[in-house]
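**Student:** So that we are looking at the same thing, I have put the structure below in structure tokens.
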Amino acid sequence: MTWEEMAPLLAEATVETGIMVGWSALLTVLLGLPLGVALVVFDRGGLRPLPAVKSVLGLVVNVGRSLPFIVLMIAIIPFTRLVVGTTIGTAAVVVPLTVGAVPFFARLVETALREVDRDVIQAARAMGAGRATVVVKVLLPEALPGIVAGVTVTVVALIGYTAMAGTIGGGGLGDLAIRYGYQRFETGVMVATVVLLIVIVQVMQSLGDYAARRLSHK
């Protein structure tokens, strides 16, 4: 395959990968952030101790994290079809990507929140701040560098997940590598997709590290 033939395919696959990662990352943050907060708030010694609720949430998170992504994709095919009406294509892959990434990100949020100095929390409580105020104005701002680092790690993981999604016709660079690089023995396509994935990961990691450093210096 010549470069003129390969370039449009790579461009289209890169856009599809960006769409999948972008939407799934957004949904993961929207769902995983409150879940991570709940794991800390409802824990023993938390702002609102509910050990039973925390245990249930922890179990759900652990089960979600224990499933390999490719197994998860297949296992929730009926749910994916229910949500988007299909199991093939870019839109369909966003569902398992989000389901797989939310527990992962929630644990990263939990870790970041637990690193916040408890004296800061106690001081806010002593000044009369309510639980919601402590979470919004103390916990989350103090843990923001760690949360941003967690978002970066999650986005990098999602890029890897999208490559695996190519095995079930999910589109993107993974699908291109399988259809052309593997099934048609187009070594050039395989090499190009690998290089592109590496570049994308490096760029995302560098941007995330930079943002986390800037926030930690404030």
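**Student:** Look at Leu31 and say whether it is on the phi < 0 side of the Ramachandran plot, touching a residue at least 40 places away in the same chain (Cβ under 8 Å) and surrounded by 14 or more Cβ atoms within 10 Å (Cβ to Cβ).
**Tutor:** Taking the combined requirement at face value, the residue satisfies it.
**Student:** I would also like to ask the following. Being buried (at least 21 other Cβ atoms within 10 Å of the Cβ) and modelled with pLDDT of 75 or more, is that true of even one residue in segment 198-215?
**Tutor:** Within segment 198-215, not a single residue is buried (at least 21 other Cβ atoms within 10 Å of the Cβ) and modelled with pLDDT of 75 or more.
**Student:** Now for a different question. What about Gly166, is it of a type in the set (Gly, Ala, Ser) and open to solvent by 20 Å² or more (accessible area, probe 1.4 Å)?
**Tutor:** No, not satisfied.
**Student:** How many of the residues making up segment 105-125 are open to solvent by less than 60 Å² (accessible area, probe 1.4 Å) and within 20 Å of the chain's Cα centre (by Cα)?
**Tutor:** 8
**Student:** Can you find a residue that is surrounded by 18 or more Cβ atoms within 10 Å (Cβ to Cβ) and farther than 30 Å from Leu57 by Cβ anywhere in segment 126-142?
**Tutor:** no
**Student:** Which of (1) farther than 23 Å from Val135 by Cβ; (2) modelled with pLDDT of 90 or more; (3) within 13 Å of the chain's Cα centre (by Cα) is the odd one out, the single condition Phe69 does not satisfy?
**Tutor:** (2)
**Student:** Would you mention how many residues in segment 9-55 are within 25 Å of Ile121 (Cα to Cα) and part of a helix (DSSP H, G or I)?
**Tutor:** 18
**Student:** Would you mind telling me which numbered condition in (1) surrounded by fewer than 16 Cβ atoms within 10 Å (Cβ to Cβ); (2) modelled with pLDDT of 90 or more; (3) touching a Gly at 6+ places or on another chain (Cβ under 6 Å) Leu82 fails?
**Tutor:** (3)
**Student:** Looking at this structure, is Leu26 surrounded by fewer than 16 Cβ atoms within 10 Å (Cβ to Cβ) and either without any contact (Cβ under 8 Å) to a residue 60 or more places away in the chain or touching a Cys at 6+ places or on another chain (Cβ under 7 Å) (or both)?
**Tutor:** Answer is yes for this residue.
The values are calculated or read from the model by the stated rules, or taken from the named source; none is laboratory data. Since the model is a prediction, treat every value here as computed from it, not as a measurement. We place every Cβ from the backbone using ideal geometry, glycine too, and count neighbours over all the protein chains shown. Each accessible area value is taken on the protein alone, full model and side chains, heavy atoms only, with ligands, DNA and RNA left out. Shrake-Rupley method; radii C 1.70, N 1.55, O 1.52, S 1.80 Å.
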